[in-house]
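For reference, the structure is listed below as structure tokens.
Every number in this text was worked out from the coordinates using simple rules, so none of it is lab data. Since we're looking at a predicted model, the values are computed, not measured. All Cβ positions, glycine included, derive from the backbone under ideal geometry; neighbour counts span all protein chains shown.
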Amino acid sequence: GALPVGVVPEEAVRTIVRPPRVPRPRRYLLCEPLHFEVRYAINAWMRDAAPVDRALAQRQWATLVQAYRDHGHTVETVEPVADLPDMVFAANSALVVGGRVFGSHFHAPERRPESAAYEAWFRAAGFDVRAPKSVCEGEGDLVPVGGWILAGTGFRTTRETHREVQEFLGLPTISLQLVDPYFYHLDTALFPLDDTNVAYYPGAFSRGSLEVLRRLFPEAVIATREDAMAFGLNSVSDGCHVFVAPQAEGLIEQLARHGYVPVPVDLSEFHKAGGGIKCCTQEVRP
Ligand code: ARG
């Protein structure tokens with residue numbers, strides 16, 4: 001039927017408010033949890049953690065790999081190394097943007113040998129790897145959004161590394177101060193939804209850093225502490241589908257309301273080590 005002049009049809013409003021979310025196929029690098037366990041405590045989650053059920057961890061990890069493939073993404077794997085129980089957290093191995101690989105230098109001595117194992121994978125895959133001069137835990141703290149790098153510090157990656165990353169990539173690198181030991185990596189407190197927006201938990205950031213986030217992302221999805229503690233912000237988005245912890249119920253609802261498609265994948269065994277979906281996923285950006 002004809003609408004009165006000045007009345008916008010509901011269809012049109014929906015299009016304006018909620019443009020269709022467009023997924024972009026990604027290349028992901030993961031590491032099978034063959035040797036995964038909680039053997040030492042280098043973050044708040046690992047203290048008094050219940051023992052890992054490795055068979056369950058393997059099944060959960062396989063589900064994540066399948067979910068990525070089912071949504072059109074490429075999954076490659078690096079050979080797991082015995083005695084490196086945290087090597088499953090592939091996101092910490094590097095930051096890859098525009099085919100440039102900025103490697104890792106772990107804060108904890110227990111994890112330092114992981115850098116060489118991943119570097120070997122990158123070299124075999126045809127990449128040069130730039131070795132950081134200071135502590136750097138890859139995408140754990142270095143999160144590309146659009147043409148910027150959001151860079152966490154406070155527990156692991158240093159500000160010296162932030163400066164080095166900016167010089168290496170030529171991308172504005174914005175330092176954000178983390179203040180809560182449960183959110184020791186930036187990727188436990190914030191994730192990019194697409195090239196222009198993010199979701200985050202405000203309580204993980206210093207006052208000034210929170211102000212920076214509010215200025216950069218006025219439309220951000222704001223998560224509760226409960227959803228953040230459920231590793232809801234350790235999610236991976238392809239611009240449409242969000243691979244997210246099913247325990248983060250409130251966040252899942254919010255994402256759906258914003259037009260994203262939540263794809264719940266349960267990595268509860270990995271939470272014992274302080275990691276989730278994003279920690280297990282290194283993105284190789286062309
Ligand atoms: N146990 C690991 C550590 O404390 C977990 C790393 C989680 N990775 C991440 N990208 N947040 O280093």
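Would you mind ranking Thr224, Thr188, Thr153 so that the residue whose beta carbon has the fewest other beta carbons within 10 Å leads the list?
Listing Thr224, Thr188, Thr153 from fewest to most nearby Cβ atoms yields Thr224, Thr153, Thr188.
Relative contact order of the chain, please, whole-number percent, based on alpha carbon pairs below 8 angstrom and at least 6 residues apart.
22
Report, in deg cm²/dmol and to the nearest 500, the calculated mean residue ellipticity at 222 nm for the chain, where each DSSP H run with n ≥ 4 adds -39500 (n - 2.57) and the sum is divided by the residue count.
Estimated from H runs of four or more residues: -7500 deg cm²/dmol.
Assuming 0.36 nm per residue, please report the length gained on full extension of the stretch Ser134 to Leu216 beyond their Cα-Cα distance.
Between Ser134 and Leu216, full extension yields an extra 26.8 nm.
From the square roots a ≥ b ≥ c of the eigenvalues of the alpha-carbon gyration tensor of the stretch 189-250, which class results: rounded (a/c under 1.5), prolate (a/b over b/c), or oblate?
It is oblate, given that a/c is not under 1.5 and a/b is not larger than b/c.
Could you list His258, His271 so that the one with the fewest beta carbons within 10 Å of its beta carbon is first and the one with the most is last?
Least crowded to most crowded, the residues run His258, His271.
Could you pull out every whole DSSP H run in the chain that spans at least 27 Å of Cα extent along its own axis and averages 1.6 or higher on the Kyte-Doolittle scale?
Both cut-offs are met by no helix.
Using the charge dipole of the chain (Lys, Arg: +1 at Cβ; Asp, Glu: -1 at Cβ; taken about the Cα centre), state which of Thr224, Thr161, Thr188 has its Cα farthest towards the positive end.
Among Thr224, Thr161, Thr188, the one farthest towards the positive end of the dipole of the chain is Thr161.
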